[in-house]
Each structure stands twice: as structure tokens, then as C-alpha cells.
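Visitor: Provided herewith is a single structure, encoded as C-alpha cells, for subsequent inquiry.
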Amino acid sequence: MKNPSITIKKRSISYNDVWLRLLSALISAHLINVYGEKESVWELVKLGDYYRALAASFVIAIILVEFVYRITLLLDSKLPWEKKFYQRIIFQVSCGILAPLALDCLLAGIYYALHGTDLFKVGHFKYNFIVIALMITLLNAYYLIHYLIKFKIRRKPTHLSGIIFQDDCMLKKSYPLLIHSENKMCFEIDNNGSRNYLDGSLEQIFKMLPENDYFLINRGYIINRSVIEKMSPGKSRTIRLELRYGIHEDVYVSQRNSTAFKAWIANTAK
């Protein structure tokens, strides 16, 4: 079998933090309405005006949080931290911190103008602005830490002892021999012997691959046909696979997928 020259498109870091964004906006909206007030929190929550002000503050806060999130995604794709660090710092501070603060002043100014006052009369820069600035700074710090942690996982190599590559397996472009799910994260073992993090679920990754070369053998593994050395019957009508290149993985085709797998092997062998 000829080894296909295939690459998987590795997507940008995903955050999946919608609940964190909503919670941070709600907490910030609450702090904006209680910070600097003479009344206690319990006294304020009994007032109807508190909830009206909370709703308005929450709308502004969620707009700012979403702004920071979208800017971060854009910068992740255009100026990744690991490649353009100094440029990223400049743009992250200017677009991820200063721009949202300017947007806050604009939105708050409109809100106060509708109520017949302005930013200075209500002491916005003395109280509310401090809370907003803290929220935005912490949010940027969270995204940076989150990015660096996921990037470290993604780039962490695994040394496979005794791995042997034959013929044209060592190609300039890497491609996955085996993809597996571990602790809700997906990793590939590629033709260079490295273990790399892949973003997305196993099903999402499988849809990106050519069906003639890859098969989802069970809920935890995607196999490249070129890495299959030998097949033998397993327990409960499963199929046990022995792999090439010294990859010592105990891999089975599930009973549910065994019939389709046999047909796939027969078709790709032609």
C-alpha cells in the first residue's frame, strides 16, 4: 500500500467558554452597581432600581466581553503568540484592552445621556471604570494562559521507542497514522513518530479526512489503512489490529463497525 500524503488542518485554539463569559459579565455588572454605594449589598438587592441598573450594566458588560473574545480569536489566527509574540502584545493591549475600554465609555455615555446625566456627574471613572478595566484585563490574562496551556499540550511530542519507518513513510509533509481520543482530547501519531494535539472531536476530525484512507474503527480511534499490518478475530465479534512501524497500541474494531470495516478494507485494497 502506498502511503498517502495527507495533512489535517489544525484549527486555532478553541476556548469553549460561553458560560465563563456570561458569568464574568454578570459578576462585573453586579460589582458596578454595588461598588462605592453606601447601602449594603442586601439593602441594594431589595430595591427595584438595582435590577434595572443590573440589566443595563449586564448588556454593556456582555458586549465588552464578546468584543474581547472575538478580538482574541482574530489575533489567534493572524498573530499567534508563539510566532509573533511582540506584535501580538501590542495588538492584544491596544485591541483587547484599550479598545474595549473606549467602547465602554461610549456605551456608558449613551446610557447616561438617555437618563439626563453624563460620565463625570455619576463618577463613572471613579467607580465603574475601575471594575470594567479589571474585568477586561483579567479576561485577556485568562485567554493568554488558556492559549499557552493548550499550545503546550498541542506541541508536546511523544517518543515512541522502537518505531521503524519503511520505504517512503518519512515524508516532508506529516500525516496521521493513528488518531485517538484521550480525556476528551484528540491526539495523532504521525508518520514522523510524533504525538500531536488535534483540536475538535474525533467525529469532526474524521469528517475532514478522505474516507478511502481513514476509518473510524470505534469511539476512540481513527486508523490509517497504511498502518494496518495484520487483522485477527477479537472477542465478541470484534477485530484485533496489529500495526506497523512499531506502534504498540491495543486496537480493536468494534462489533458495530466490523462489517463496514471489512467492506472498507476490501474496497481500498483494490
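The values are calculated or read from the model by the stated rules, or taken from the named source; none is laboratory data. Treat the numbers as computed from the prediction; the structure is a model and nothing was measured. As a convention, Cβ positions derive from the backbone with ideal geometry for all residues, glycine included, and neighbour counts pool all protein chains shown.
Visitor: Could you pull out the residue among 57, 77 that is at pLDDT below 90, among the hydroxyl-bearing types (Ser, Thr, Tyr), under 19 Å from residue 24 (Cβ atoms) and part of a helix (DSSP H, G or I)?
Guide: Numbers: 77 fails: under 19 Å from residue 24 (Cβ atoms).
Unique residue meeting the criteria: 57.
Visitor: Could you run through the stretch 47-76 and say how many residues are touching a residue at least 24 places away in the same chain (Cβ under 8 Å) and either of a type in the set (D, E, K, R) or closer than 16 Å to residue 140 by Cα (or both)?
Guide: Qualifying residue count, the stretch 47-76: 13.
Visitor: Next question, about the same structure. Of (1) surrounded by 17 or more Cβ atoms within 10 Å (Cβ to Cβ); (2) among the charged types (D, E, K, R); (3) in a loop (DSSP other than H, G, I, E, B), residue 82 satisfies all except one. Which?
Guide: (1) is the only condition that residue 82 fails.
For (1) surrounded by fewer than 12 Cβ atoms within 10 Å (Cβ to Cβ); (2) assigned by TED's automatic domain parsing to the domain that holds residue 226; (3) more than 22 Å from residue 82 (Cβ to Cβ); (4) modelled with pLDDT of 65 or more, each residue gets a yes or a no:
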residue	(1), (2), (3), (4)
151	no, no, no, yes
161	yes, no, yes, no
164	yes, no, yes, no
169	no, no, yes, no
183	yes, yes, yes, yes
190	no, yes, no, yes
195	no, yes, no, yes
198	no, yes, no, yes
207	yes, yes, yes, yes
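Visitor: Here is a check on your reading of the model: is residue 67 at pLDDT 95 or above and surrounded by 14 or more Cβ atoms within 10 Å (Cβ to Cβ)?
Guide: Values: at pLDDT 95 or above: yes; surrounded by 14 or more Cβ atoms within 10 Å (Cβ to Cβ): yes.
When the stated conditions are applied, residue 67 passes them.
Visitor: Please go through the stretch 219-249 and give me each residue that is free of Cβ contacts under 8 Å to residues at least 40 places away in the same chain and crowded, with 16+ Cβ neighbours inside 10 Å, ordered by number.
Guide: Within the stretch 219-249, 228, 234, 238, 239, 241 meet the criteria.
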